[in-house]
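Participant: Structure in structure tokens, see below.
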Amino acid sequence: MTLLPEQFADLEPFAAQWCLATEGERYSTRMASSMDDMQRFYDAVTPRAEAAMTYLDHIGLDDMPGDALNLLHLLYSMIMVSFPVEVWRQPWIPDASEASMDCVIEPAP
């Protein structure tokens, strides 16, 4: 069973791990992932992000089918790992100790 639209079949190997509906799930996955895993995910999705956003723009948020919603969640996960990959070179925020932040409102859809 595929989770993503056919046009994004190349990203399917990342779908099961990174198509996550909530920010909490994405954050937990980021914290449990190695930098190598996040780097591979980021390197695969980033060059396809613009095409994915264009694809999703043509669908709209109100009538989004499951495979498109999974693609949106995959993009949200790419954003979640962008700072660790691009800036910090570690899953956690440097010098933040045990600090945490809980999201009380999730983006729609």
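The values are calculated or read from the model by the stated rules, or taken from the named source; none is laboratory data. Everything quoted here is computed from the prediction, not taken from an experiment. Positions of Cβ are generated from backbone atoms using ideal geometry, with glycine treated the same way; all protein chains shown enter the neighbour counts. Areas reflect the complete protein model, heavy atoms only, side chains present, ligands, DNA and RNA absent. Shrake-Rupley method; radii C 1.70, N 1.55, O 1.52, S 1.80 Å.
Participant: Within the range 14-29, identify whether any single residue is open to solvent by less than 20 Å² (accessible area, probe 1.4 Å), hydrophobic (A, V, I, L, M, F, W, C) and either assigned to a helix (DSSP H, G or I) or at positive phi (or both), and answer yes or no.
Facilitator: So far as the range 14-29 goes, yes, one or more of its residues are open to solvent by less than 20 Å² (accessible area, probe 1.4 Å), hydrophobic (A, V, I, L, M, F, W, C) and either assigned to a helix (DSSP H, G or I) or at positive phi (or both).
Participant: Same structure again: Would you be able to tell me the number of residues in the range 60-91 that are of a type outside the set (A, V, I, L, M), open to solvent by 30 Å² or more (accessible area, probe 1.4 Å) and at pLDDT 90 or above? Walk me through it before giving the result.
Facilitator: Keep residues of the range 60-91 that are of a type outside the set (A, V, I, L, M), which gives 60, 62-63, 65-67, 70, 73, 76-77, 82-84, 86, 88-91.
Checking the rest, the ones that are also open to solvent by 30 Å² or more (accessible area, probe 1.4 Å) come to 62-63, 65-67, 70, 76, 83, 86, 88-90.
Now drop any that are not at pLDDT 90 or above, which leaves 65-67, 70, 76, 86.
Count: 6.
Participant: Further question on the same structure: How about the range 43-65: which of its residues are in contact (Cβ under 8 Å) with a residue 40 or more places away in the chain and under 18 Å from residue 3 (Cα atoms)?
Facilitator: 48, 51, 52, 55, 61, 64
Participant: Then there's this: For the range 30-59, which residues satisfy the criterion of being loosely packed, with under 11 Cβ neighbours inside 10 Å and within 17 Å of residue 13 (Cβ to Cβ)?
Facilitator: Hits for the range 30-59 are 34, 36, 43, 47.
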